[in-house]
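See below for the structure under consideration.
The values are calculated or read from the model by the stated rules, or taken from the named source; none is laboratory data. The model shown is predicted, which means the values in this text are computed figures rather than measured ones. Virtual Cβ from ideal backbone geometry, glycine too; neighbours counted across all protein chains shown. When the accessible area is computed, the model is the full protein with side chains, heavy atoms only, and any ligands, DNA or RNA have been set aside. Shrake-Rupley method; radii C 1.70, N 1.55, O 1.52, S 1.80 Å.
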Amino acid sequence: MGEEDHNPYSTGRFIVRQFFNLENEMLVSFYERYFRGEAYLIAFVAVVGLLHPLLYWSVFSGDAEIHLVYARNLLRGHPLEFNLDQPNSGETSMGFMLIDALAMWVVGAAMTPLAVKIICLAGLYATAGVTFLVAGRIGLRRPWRELAALLTLWLPGSVYNGMSGTENAVFAAFACAYFYLTLLFRWYDERQGPTLRQDAIAGLLAGALFWLRPEALPLLLILVTVRLAGAHWFGRRMVRELAQLGVFLGVFGAAILAYIAIFVHFSHELPYGAGQARRVMSSHLESAWIGKVPVNIKVLVRIAAYFSIVVPALAVVGWALFRNSSDRSERLTIIALAAAFFGFLAAYLFNVLPSFHFARYTIFIWPFGMLAAALGLQAVAQSHWPRRGLAMGMIATSSLGFVGVAVYELGLRRDVSRNADSLYSVQAAPERREANSAKLAQSLGLAVGARATLGLQEVDTRYELTDNFEVRSLDGITDSRLLRYLCDGWVDHDGYVIDTKVDYLLEFPSLDRARSVWSIADLAELAVGESVARPGVTYTKIRPRIVKVQRTVDRSSSRPGGACSTSRTTELTSSHGTQ
């Protein structure tokens, strides 16, 4: 029996050779690599992953509209202003604001949301592509290399939020690319480290990454810490290593200082007020407090749900830490991956970083976890355990667990997407702005063009209204002044409404962890025509979702007891008596 009879691809070889009538070993090798069983799996995963983002093509989030507001005002000569002539710290990514502004300048306001969607889609695909490149550098082989990259496009939380029009998908692509750069520059290589020039370039690119998202700072601190630990482990000259890192940190620090200086100059506030507000929201609304430590339940549930990534990643970390006989460069690379993944998970779990939109903020860390998990599962698949079925059972459990959770979350995301803002409505907003404002003025009983200050949580409405309306942020996302009204487990919205001169409330959110206090969320239960008198302010519902605000003091500090002392339910009075 000849060699061809023993080859499982002998029929394919014969067909290829006869059909093309040539003895091309490269062509035959291509056939063998891509038309065996695992190729069908890779092709299926690729098709699903590449099509998945298109399910959310019409979604455009409120935070994405906030970027458009800042970009529009920048082009009008009002940088970092949400309401005209009122600079603030609500813009979390000056880098992405500049991208939006450039798109708006080039293609116009109506086409900018579409351009942003294309950029977001490219960001998700680029994240998968760079993950593939990293996978090849850290020892993943086919099919694990392809699966680690493509399955980043199977995570509904990441893909949905990546397609929402914000900077997070772009940041994920560049964060993964930066980690790839550290591999190319040999940050974790025992044989040879980076050059001085490479460290200067790395510092400059790290600064650019920071301009996109502030998470670049803790990410770089983690990677630099691992690099320093590796240099000590490898026995390198620490003086030289520290000198080069000084160059890196100097360039990186200069970019950070430039960001802060520009931000403070135009906004008159320190950056990331929105992040502080979201940290408060995640601590108050999504966390269980263990003593004085808030543990975010949403993050904990997501970590448990994706055990198929977390458990194999943990296993490979244990191997990297304790397998002394293995290549130290390989082990340090795995430690860097895992430190980034688990370090950020811990920071979000304990609300060190704001995790109110956890799935969106963590788009960039899941590729790190996916790569670590793929290394663990590849090791299991290639192991020589006496019970081979046990290894295959572990891989099958992880695979089914991942697919099951992804399918379940896909259903949840599809439900959410039906209630999200539409790309097409955002595109039409500039043309409809005058009509929307006239309609709102009529609802409020005002003349068209009359000035009014509105209190909302979903402040993206700002993009759809003319400048005679000012919008105040009831959750502090675009107005860090709300942070001054934080009390012991609740928010003194009365004081905020008084001091910011709000005329009408159009939404009634609750940010209060202490449920025993009065909240503006209670206004939702008022009947039209009913009033509630509070110290320093009276609320009257004039329409089903509109409450008129009448201030009886000029400043919140003029109320009896001052701030944070007037929110007991026993103090609530209304036209129907004391409640």
Item to complete: Report, ordered by the first and then the second residue, all pairs with beta carbons closer than 7 Å, sequence separation of six or more or different chains, a first member in region 67-80 that is closer than 14 Å to Glu464 by Cβ, and a second member that is open to solvent by 30 Å² or more (accessible area, probe 1.4 Å).
Response: Arg72/Ala109
Response to the item:
Only one of (1) without any contact (Cβ under 8 Å) to a residue 12 or more places away in the chain; (2) in contact with a Leu (Cβ under 8 Å, 6 or more places away or on another chain) does not apply to Ser93, and that is (1)
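Would you check which residues across region 66-86 are surrounded by 23 or more Cβ atoms within 10 Å (Cβ to Cβ) and in a helix (DSSP H, G or I) and list them? Please lay out each step first, then the result.
First, pick out the residues of region 66-86 that are surrounded by 23 or more Cβ atoms within 10 Å (Cβ to Cβ): 66-71, 73, 80, 82.
Result: Ile66, His67, Leu68, Val69, Tyr70, Ala71, Asn73.
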Worksheet entry | Options Ala533, Ala521: the member that is of a type outside the set (Asp, Glu), open to solvent by 10 Å² or more (accessible area, probe 1.4 Å) and in a helix (DSSP H, G or I) | Ala521
Discussion item. Here is a check on your reading of the model: is Ile138 among the β-branched types (Val, Ile, Thr) and either within 21 Å of Val403 (Cα to Cα) or surrounded by fewer than 18 Cβ atoms within 10 Å (Cβ to Cβ) (or both)?
Written reply: no
Worksheet item: Looking only at residues in region 37-77 that are touching a strand residue (DSSP E or B) at 6+ places or on another chain (Cβ under 8 Å) and over 18 Å from Val170 (Cα atoms), which one is modelled with the lowest pLDDT?
Response: Ser58
Item to complete: Determine which member of the set Leu242, Leu221, Leu205, Leu217 is farther than 28 Å from Phe356 by Cβ, modelled with pLDDT of 95 or more and assigned by the TED database to the domain that holds Phe132.
Response: Leu205
Discussion item. Within region 424-441, does at least one residue satisfy the condition of being open to solvent by 40 Å² or more (accessible area, probe 1.4 Å), under 26 Å from Ala524 (Cβ atoms), in contact with an Asp or Glu (Cβ under 9 Å, 6 or more places away or on another chain) and among the small types (Gly, Ala, Ser)?
Written reply: yes
Discussion item. Of the residues Asp189, Asp199, only one is outside any helix (DSSP H, G or I) and open to solvent by less than 40 Å² (accessible area, probe 1.4 Å); which?
Written reply: Asp189
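Conditions tested, residue by residue: (1) hydrophobic (A, V, I, L, M, F, W, C); (2) more than 16 Å from Leu285 (Cβ to Cβ).
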| position | (1), (2) |
| --- | --- |
| Asn468 | no, yes |
| Leu483 | yes, no |
| Val497 | yes, yes |
| Thr538 | no, yes |
Worksheet item: So is Gly165 open to solvent by less than 10 Å² (accessible area, probe 1.4 Å), on the phi > 0 side of the Ramachandran plot and part of a loop (DSSP other than H, G, I, E, B) or not?
Response: yes
Worksheet item: Would you say Phe263 is at pLDDT 90 or above and open to solvent by less than 40 Å² (accessible area, probe 1.4 Å)?
Response: yes
Discussion item. List pairs: first residue in region 326-340 and farther than 15 Å from Leu314 by Cα, second residue basic (Lys, Arg) anywhere in the structure, Cβ distance under 8 angstrom, at least six positions apart or on different chains.
Written reply: Ser329/Arg191
Worksheet entry | Leu249 vs. criteria within 22 Å of the chain's Cα centre (by Cα) and open to solvent by 10 Å² or more (accessible area, probe 1.4 Å) | no
Worksheet item: Can you tell me which residue in region 425-472 is farthest from Thr112 (Cα to Cα), limited to those that are touching a residue at least 24 places away in the same chain (Cβ under 8 Å) and part of a loop (DSSP other than H, G, I, E, B)?
Response: Gly445
Item to complete: Within region 314-338, track down each residue that is open to solvent by less than 30 Å² (accessible area, probe 1.4 Å) and either hydrophobic (A, V, I, L, M, F, W, C) or in contact with a strand residue (DSSP E or B) (Cβ under 9 Å, 6 or more places away or on another chain) (or both).
Response: Val316, Val317, Ala320, Leu332, Ile334, Ala336, Leu337, Ala338
Practice prompt. Go through region 87-133 and give me each residue that's open to solvent by 30 Å² or more (accessible area, probe 1.4 Å) and not aliphatic (A, V, I, L, M).
Written response: Pro87, Trp105, Tyr125, Gly129, Phe132
Item to complete: Might you let me know whether region 181-202 holds any residue that is in contact (Cβ under 8 Å) with a residue 60 or more places away in the chain, on the phi < 0 side of the Ramachandran plot and polar (S, T, N, Q)?
Response: yes
Item to complete: May I ask you to verify whether Thr131 is part of a loop (DSSP other than H, G, I, E, B) and of a type in the set (Val, Ile, Thr)?
Response: no
Worksheet item: Are there any pairs, at least 6 apart or on different chains, whose C-beta atoms fall under 8 Å, with the first in region 266-287 and within 15 Å of Trp490 (Cβ to Cβ) and open to solvent by less than 30 Å² (accessible area, probe 1.4 Å) and the second of a type in the set (Val, Ile, Thr) and part of a helix (DSSP H, G or I), and if so, which?
Response: Ser287/Ile297
Worksheet item: Only one of (1) under 30 Å from Tyr40 (Cβ atoms); (2) under 17 Å from the mean Cα position of the chain (by Cα); (3) at pLDDT 95 or above is not met by Met97, so which one is it?
Response: (1)
